[in-house]
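To keep things clear, I will list the structure first and then write my remarks on it.
The values are calculated or read from the model by the stated rules, or taken from the named source; none is laboratory data. Since we're looking at a predicted model, the values are computed, not measured. Every residue, glycine as well, gets a Cβ built from its backbone with ideal geometry; the counts of neighbours run over all protein chains shown. Surface areas here come from the heavy atoms of the whole protein model, side chains and all, with no ligands, DNA or RNA. Shrake-Rupley method; radii C 1.70, N 1.55, O 1.52, S 1.80 Å.
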Amino acid sequence: MSAAGGVISRCISRCISRGISRGARRGSRPGSRRRTERGSAAVFVIGFAIVLFVAAGLVIDGGLALNARMRVADDAEQAARVGADSLDIDALRQSGEITIDSGLAQQRAAQFLLTAGYSPAQFAVAVQPDQQGVRVEVQDTVPTGLLGLVQIDEFEVNASAVSAPQTGDEG
């Protein structure tokens, strides 16, 4: 064999050995299966998207629930004030004592809440036993938007208020 033949055979053997070692590193040997992480990013993105939707649902639907809670509290306070404004005029003229007319107070507070859009099952009006105050309890439900995707279809909001009659010199 000539010197040129020896150089060529060494070059071929180097190329073959490098090719085999590179193939072994890549997992492309004959008979072996390649393991890759294809699709793992898609699973991560889907999971992250679900978490973002739930977070957005908490922010949006939670804000709507807080707004509804404030509206229910305002309506309960106004109904209690309307009820507390229903004085027993006959008792006031006879004794000078300020008391609430129970029937009129319940009727006026209920009418206020009915006009505001509540059904009778959503509120309760009671005059305190000493007839010096009116207590109103109101409840409502708020439908959800985004949280409906995770089976949270509505929030229940409740509020109560008590009001008593005030005279001009009390302040």
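Dipole size in debye (nearest 20) for the stretch 41-129 around its Cα centre, Lys and Arg Cβ +1, Asp and Glu Cβ -1?
Numbers: 5 positive and 9 negative charges, 65 e Å.
My answer is approximately 320 debye.
Test of understanding: what is the full-extension gain from Gln132 to Ala55, defined as 0.36 nm times their sequence separation minus their Cα-Cα distance? Walk me through the numbers before you get to the answer.
Working: separation 77, 0.36 × 77 = 27.72 nm, distance 4.62 nm.
Extra length available between Gln132 and Ala55 comes to 23.1 nm.
Heads up, I need the accessible area for Leu58: 1.4 angstrom probe, whole protein in place, Å², nearest 10.
Accessible area of Leu58: about 110 Å².
Share of the stretch 86-171's accessible area from carbon and sulfur, percent, 1.4 Å?
48
Given the options Ala110, Leu66, Ala121, identify the residue whose Cα lies farthest towards the positive end of the charge dipole of the stretch 50-135 (+1 on Cβ of Lys, Arg; -1 on Cβ of Asp, Glu).
Leu66
Using +1 at the Cβ of each Lys and Arg and -1 at the Cβ of each Asp and Glu in the stretch 84-171, identify which of Val142, Ala161, Leu92 lies farthest towards the dipole's positive end.
Val142
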